[in-house]
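Colleague: Questions regarding the structure given below will be posed in turn.
The values are calculated or read from the model by the stated rules, or taken from the named source; none is laboratory data. Everything numeric in this text was worked out from a predicted model, so none of it was measured. All Cβ positions, glycine included, derive from the backbone under ideal geometry; neighbour counts span all protein chains shown.
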Amino acid sequence: MNQLKTYRVWDASVRWFHWINLLCVLGLIAVAVAILNAKTLGVSDDGKILLKTVHVWIGYVFALNLLWRLLWAFVGGPWARWRAILPGGRGYLKETGRYLADFSAGRPRQYLGHNPLGRIAVTLLLLLLLTQAVTGLVLAGTDIFYPPFGSWIAGWIAAPGVDPATLVPYAPQLYDEAAYQAMRDFRKPFISVHEFNFYLLIAVILVHVLAVVVTELREGGSIISAMFTGKKLLSEPPADQPPAE
């Protein structure tokens, strides 16, 4: 039996991003479900404004946390960087084939970073998170006139003689009717993408959790605890090598 060996893999920024992101996503899902079912729940206009405000503030934390992770991928530790995340590079396809063959044969390979399929999953998750953040920021401006686009939206739809800074949601008497309708048409594709991406993101997150559990059971490596401690415990020499600095 091979001796277990500890490797330091995930730096503090990666770990903090992961858990802050998880809390934000759970909070955003909970509030989004309430917003989507506001009519059924009998929520008043003031209640909907409150729900959307909470959703936006959680969204700000979510977006800033994601932005930090994307920037950290340029300057962080070797396993936090893009070259250790994105699929591709020299030998990637060959290594993917070896990983799948060994996994099917019941002798899964162990990795310090993400395994070849994990790199695809993480890249997809980051793209979905980024899409959700960008569309959410646009909708924050069109729904409750919050930054970074709220001032522009308010200036667009304010009725003649109305100070855009005084606009509030659900106050059609303050809006120019034609401009408001044009704004609604503008926001429609952002709503569609935001909602579709919301459901897709939930599905991918569930697959991600399942894949982590299966990988933990089949490959070992203390994958779950490593996101708390930053350290992986491997029983085999890792199939990957630290990226060259």
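Colleague: Report, ordered by the first and then the second residue, all pairs with beta carbons closer than 6 Å, sequence separation of six or more or different chains, a first member in segment 123-134 that is over 19 Å from residue 113 (Cα atoms) and among the small types (Gly, Ala, Ser), and a second member that is crowded, with 16+ Cβ neighbours inside 10 Å and modelled with pLDDT of 95 or more.
Modeller: 133/63; 133/66
Colleague: For residue 8, only one of the following conditions fails: (1) more than 27 Å from residue 131 (Cβ to Cβ); (2) of a type outside the set (A, V, I, L, M); (3) free of Cβ contacts under 8 Å to residues at least 60 places away in the same chain. What is its number?
Modeller: The single condition residue 8 does not satisfy is (3).
Colleague: Using beta carbons and a limit of 6 Å, which pairs, at least six apart or on different chains, have the first residue in segment 95-115 and in contact (Cβ under 8 Å) with a residue 40 or more places away in the chain and the second one of a type in the set (Val, Ile, Thr)?
Modeller: The qualifying pairs are 112/9.
Colleague: Take the residues in segment 94-140 that are of a type in the set (Ser, Thr, Tyr) and either in a helix (DSSP H, G or I) or at pLDDT 90 or above (or both), then tell me which one is surrounded by the fewest Cβ atoms within 10 Å (Cβ to Cβ).
Modeller: This residue is 104.
Colleague: Just need a number here: residues in segment 146-160 that are assigned to a loop (DSSP other than H, G, I, E, B) and over 23 Å from the mean Cα position of the chain (by Cα).
Modeller: Within segment 146-160, residues that are assigned to a loop (DSSP other than H, G, I, E, B) and over 23 Å from the mean Cα position of the chain (by Cα) number 2.
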